[in-house]
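The values are calculated or read from the model by the stated rules, or taken from the named source; none is laboratory data. Computed from a predicted structure; not experimentally measured. Quick reminder, even Gly has a Cβ in these numbers, built from the backbone with ideal geometry, and neighbours come from all protein chains shown.
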Amino acid sequence: MIQLRHNKGVTLTELLIVIVLLAVLGMIAVPRISRSAQNARQNTCDTNVSVVNAAVEMYAREHDGQYPADTNDLTRKVLNNSEYFPEGVPTCPLGGTYLMDPDTRRVICSH
């Protein structure tokens with residue numbers, strides 16, 4: 001009579017194959033997750049710049065069309081004004097600062 005041998009463990013080869021597959025999947029996933037996080041920070045920055053530009057437009061309407069002249073004026077008259085930002089000025093998640101372009105009268109981020 002033939003006896004079949006049943007293994008109850010995992011061989012080293014099987015274990016190495018699983019480790020290699022997990023490593024390959026990790027190498028594929030990590031850059032995508034990192035890219036997604038960077039895109040999220042960029043989108044947040046763009047949204048914050050839009051909010052600041054809306055506050056600048058409100059300021060100009062309230063002051064007979066006069067826009068802040070430069071970045072210092074922007075900071076003094078709009079960004080530090082709790083009327084426009086009662087919960088605090090939004091910050092750039094990329095570490096930039098808000099700059100006023102005197103030619104276009106638009107706020108940009110320095111990142």
Hey, Y67 more than 15 Å from T104 (Cβ to Cβ), surrounded by 14 or more Cβ atoms within 10 Å (Cβ to Cβ) and modelled with pLDDT of 90 or more or not: no
Filter segment 1-51 for residues that are among the small types (G, A, S) and more than 30 Å from V78 (Cα to Cα); the one that is modelled with the highest pLDDT is A23
Identify the residue in segment 26-48 that is under 12 Å from the mean Cα position of the chain (by Cα) and of a type in the set (A, V, I, L, M, F, W, C) and, among all such residues, is nearest to G95 (Cα to Cα). C45
Collect the residues in segment 89-107 that are touching a Cys at 6+ places or on another chain (Cβ under 8 Å) and either closer than 15 Å to N72 by Cβ or not small (G, A, S) (or both), keeping them in residue-number order. C92, P93, L94, T97, Y98, L99
Take segment 70-90 and flag every residue that is surrounded by 14 or more Cβ atoms within 10 Å (Cβ to Cβ) and hydroxyl-bearing (S, T, Y). T71, T75, Y84
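So that you can scan it fast, the table gives a plain yes or no per residue for (1) of a type in the set (S, T, Y); (2) in a helix (DSSP H, G or I):
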site	(1), (2)
K8	no, no
L16	no, yes
S34	yes, yes
Q38	no, yes
R41	no, yes
S50	yes, yes
M58	no, yes
Only residues that are of a type outside the set (A, V, I, L, M, F, W, C) and either out of contact with any helix residue (DSSP H, G or I) (no Cβ under 9 Å at 6 or more places or on another chain) or not in a loop (DSSP other than H, G, I, E, B) (or both): list them for segment 65-82, please. G65, D70, T71, N72, D73, T75, R76, K77, N80, S82
Out of curiosity, is R41 surrounded by 11 or more Cβ atoms within 10 Å (Cβ to Cβ), closer than 19 Å to V107 by Cα and touching a Pro at 6+ places or on another chain (Cβ under 6 Å)? yes
Whether any residue in segment 87-106 is assigned to a strand (DSSP E or B), in contact (Cβ under 8 Å) with a residue 60 or more places away in the chain and either over 15 Å from T47 (Cα atoms) or not β-branched (V, I, T) (or both) is what I want to check. no
